[in-house]
Amino acid sequence: MSGQDGCLIDDPMTLSNSPASGGALTLRFWGVRGSTPVCGPDYAEFGGCTPCLEVRCGQRLFLIDAGSGLFNCGQHHRTDLPKEIDLLFSHLHLDHVGGLPFFKPAVFDAERTINTYCGNLDGESAATALERLYAPPLFPVTLDILPCRLAHHGFKAGETLTFPDGIRVDTVLLNHPQGSVGYRFDHGGKRLCVISDVEHTDPWPSPELMDFVAGADLLVYDGMFTDCEYPACRGWGHSTWQKGVELAQAAGVKALAIIHLHPAHTDAVLRAAEAEMQAEMPTAFIARERALIDVGTIGTPRPRVVARFA
């Protein structure tokens, strides 16, 4: 339902467009859709942009993935982005890299460096793949004409990334074609885990993934398919909200957010799925584009929720 101020009143999360407190661990969803962007009245509530997440450890910024949602991230922040931006790729499939040249105004700033981190290529950086994609005849120009500096870094999933300011981000290799990387952020006594794109294994949950997400205040998980859709899409590298709930409950996770939403799943379909999911885990929800989460405020069954969207 909608409040008089235009806010959505729902359960069981607190979503806000207000700045978080200085030491908080926060997450904003700029793109939550999988495979291809979608638009239209059937996608107004959850959004249609492909993956892009903004994580802040206090004022320290990380971006995860460069899907089409990266455009709106740039338009929202404009001049308040740092001069060095750390962009962590889960992997390099098109729906996770297609927004990179459109990250305005960041890519038009000659004084800005965008560091990319890629961990699913056995230590190789994203440089070769991005240079192949962003070149004629697939794209009209090459990335080297952008005024910003792109600095590409490779690592092996499973390693811990340590940044010059001392911040550490843990990583894990995920079950996905050509591999994918999950990320774990620990800040201010709170834990955020982002696990997408991933296909569940049999048996499930895997001990390694349970250990990685154990005790998280918020787990972000790939729920692209329904239980009915999944058998026909086995091997495609995606999962279901049911498997997300199983993992969260087995690992003692406090709250669960489902992302990488199927492009054919309308607002009505997703609302129905969310109601089913919350019957099993009241602190689970389906991510909504532009929503801002103060990690750690979700975890008490069925608190009042106010969702505000920019």
Has the range 143-155 got at least one residue that is more than 21 Å from GLY223 (Cβ to Cβ) and free of Cβ contacts under 8 Å to residues at least 24 places away in the same chain? yes
Six or more apart or on different chains, Cβ atoms under 6 Å: show the pairs whose first residue is in the range 184-210 and touching a residue at least 24 places away in the same chain (Cβ under 8 Å) and whose second is hydroxyl-bearing (Ser, Thr, Tyr) and surrounded by 14 or more Cβ atoms within 10 Å (Cβ to Cβ). VAL194/TYR183; ILE195/TYR221; ASP197/SER180; VAL198/SER239; GLU199/SER239; HIS200/SER239
Give me the pairs: first residue in the range 50-67 and under 22 Å from PRO164 (Cβ atoms), second residue among the polar types (S, T, N, Q) and assigned to a strand (DSSP E or B), beta-carbon distance under 6 Å, and six or more apart or on different chains, which are they? ARG56/THR26
Only residues that are under 17 Å from ASN115 (Cα atoms), surrounded by fewer than 16 Cβ atoms within 10 Å (Cβ to Cβ) and of a type in the set (Phe, Trp, Tyr): list them for the range 132-170, please. PHE163
Evaluate the following for LEU70: is it part of a helix (DSSP H, G or I), surrounded by 23 or more Cβ atoms within 10 Å (Cβ to Cβ) and modelled with pLDDT of 95 or more? yes
If you go through the range 76-85 one residue at a time, do you hit one that is in a strand (DSSP E or B) and under 30 Å from GLU199 (Cα atoms)? yes
Go through the range 165-223 and give me each residue that's part of a loop (DSSP other than H, G, I, E, B) and within 15 Å of the chain's Cα centre (by Cα). SER196, ASP197, VAL198, GLY223
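To keep it simple, each residue is scored yes or no on (1) more than 24 Å from LEU174 (Cα to Cα); (2) surrounded by 14 or more Cβ atoms within 10 Å (Cβ to Cβ); (3) modelled with pLDDT of 95 or more.
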| position | (1), (2), (3) |
| --- | --- |
| ALA216 | no, yes, yes |
| GLU229 | no, yes, no |
| ARG234 | no, no, no |
| LEU247 | no, yes, yes |
| ALA250 | no, yes, yes |
| ALA268 | yes, no, yes |
| ALA284 | no, yes, yes |
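Taking the range 87-113 as the region of interest, how many residues are in a loop (DSSP other than H, G, I, E, B) and either free of Cβ contacts under 8 Å to residues at least 60 places away in the same chain or in contact with a helix residue (DSSP H, G or I) (Cβ under 7 Å, 6 or more places away or on another chain) (or both)?
Total meeting the criteria: 12.
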Among the residues of the range 43-59, how many are farther than 15 Å from PHE89 by Cα, at pLDDT 95 or above and part of a loop (DSSP other than H, G, I, E, B)? 6
Per the list (1) over 19 Å from THR50 (Cα atoms); (2) touching a residue at least 24 places away in the same chain (Cβ under 8 Å); (3) in contact with a Ser or Thr (Cβ under 8 Å, 6 or more places away or on another chain); (4) not in a loop (DSSP other than H, G, I, E, B), residue check on THR116 breaks on (1)
Does ARG184 meet the test of being surrounded by 15 or more Cβ atoms within 10 Å (Cβ to Cβ) and within 22 Å of ALA24 (Cβ to Cβ)? yes
Within the range 252-265, how many residues turn out to be in contact with a strand residue (DSSP E or B) (Cβ under 9 Å, 6 or more places away or on another chain), surrounded by fewer than 22 Cβ atoms within 10 Å (Cβ to Cβ) and either at positive phi or basic (Lys, Arg) (or both)? 1
Report those strands (runs of 3 or more DSSP E) wholly inside the range 225-294 carrying at least 2 residues which are under 14 Å from GLY34 (Cα atoms) and of a type in the set (Ser, Thr, Tyr). none
Output the residues belonging to the range 3-42 that are within 20 Å of LEU218 (Cβ to Cβ), part of a loop (DSSP other than H, G, I, E, B), modelled with pLDDT of 50 or more and polar (S, T, N, Q). SER21
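The values are calculated or read from the model by the stated rules, or taken from the named source; none is laboratory data. Since this is a predicted model, take the numbers as computed values, not measurements. Ideal geometry is used to build each Cβ from the backbone, glycine not excepted, and the neighbour counts take in all protein chains shown.
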